[in-house]
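Asker: Starting off with a structure, shown below.
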Amino acid sequence: MNSGGNSTHLSVLETVEAHFPDQKRLVQRLFYVNEAFHSMCEDLAAAIDALAHVERLPDNLREMRRQEYAALVDALLKEMREALAQSKIVMLKPPDARPKSP
């Protein structure tokens with residue numbers, strides 16, 4: 001990560017929130033408490049940035065890299081949608097199978 005620290009966190013978070021505007025609070029919560037989700041957010045921001053700069057690549061690599069980065073963005077967004085949906089599921093404690101002692 002660069003020396004921007006907190007500003008880098010904010011730009012990564014803002015990037016993800018832009019893709020999930022109806023779930024901003026949940027995105028924020030997962031971003032700060034779920035390491036795997038946080039990592040996906042950083043990967044998404046990096047892939048989007050790479051896709052935005054694909055025009056700088058040599059002609060012979062440009063289209064191949066554009067497809068790779070676009071596929072990576074799609075895959076990350078799908079994985080993040082699944083993580084958001086899973087986080088909404090409330091796990092109820094199963095009933096205690098052991099008999100209660102008198």
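The values are calculated or read from the model by the stated rules, or taken from the named source; none is laboratory data. What you see is a predicted model; the values in this text were computed from it and never measured. Here the Cβ is made from the backbone with ideal geometry for all residues, glycine too, and neighbour counts use every protein chain on show.
Asker: Could you pull out the residue among Val33, Val27 that is surrounded by 14 or more Cβ atoms within 10 Å (Cβ to Cβ) and of a type in the set (A, V, I, L, M)?
Answerer: On inspection, the qualifying residue turns out to be Val27.
Here is a yes/no grid of residues against (1) touching a strand residue (DSSP E or B) at 6+ places or on another chain (Cβ under 6 Å); (2) in contact (Cβ under 8 Å) with a residue 40 or more places away in the chain; (3) more than 19 Å from Thr15 (Cβ to Cβ); (4) among the basic types (Lys, Arg):
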{"position": "Ala50", "(1), (2), (3), (4)": "no, no, no, no"}
{"position": "Arg56", "(1), (2), (3), (4)": "no, no, yes, yes"}
{"position": "Asp59", "(1), (2), (3), (4)": "no, no, yes, no"}
{"position": "Gln67", "(1), (2), (3), (4)": "no, no, yes, no"}
{"position": "Val73", "(1), (2), (3), (4)": "no, no, no, no"}
{"position": "Met80", "(1), (2), (3), (4)": "no, yes, no, no"}
{"position": "Ala85", "(1), (2), (3), (4)": "no, no, yes, no"}
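Asker: Return the residues of the range 22-64 that are among the aromatic types (Phe, Trp, Tyr) and either within 16 Å of Arg81 (Cβ to Cβ) or touching a Gly at 6+ places or on another chain (Cβ under 6 Å) (or both); say none if nothing qualifies.
Answerer: Those that are among the aromatic types (Phe, Trp, Tyr) and either within 16 Å of Arg81 (Cβ to Cβ) or touching a Gly at 6+ places or on another chain (Cβ under 6 Å) (or both): Phe31, Phe37.
Asker: If a residue counts only when it is at pLDDT 95 or above and closer than 16 Å to Val73 by Cβ, which helices (runs of 4 or more DSSP H) contained entirely in the range 1-62 have at least 2 such residues?
Answerer: Helices (runs of 4 or more DSSP H) meeting the threshold: 6-19, 35-52.
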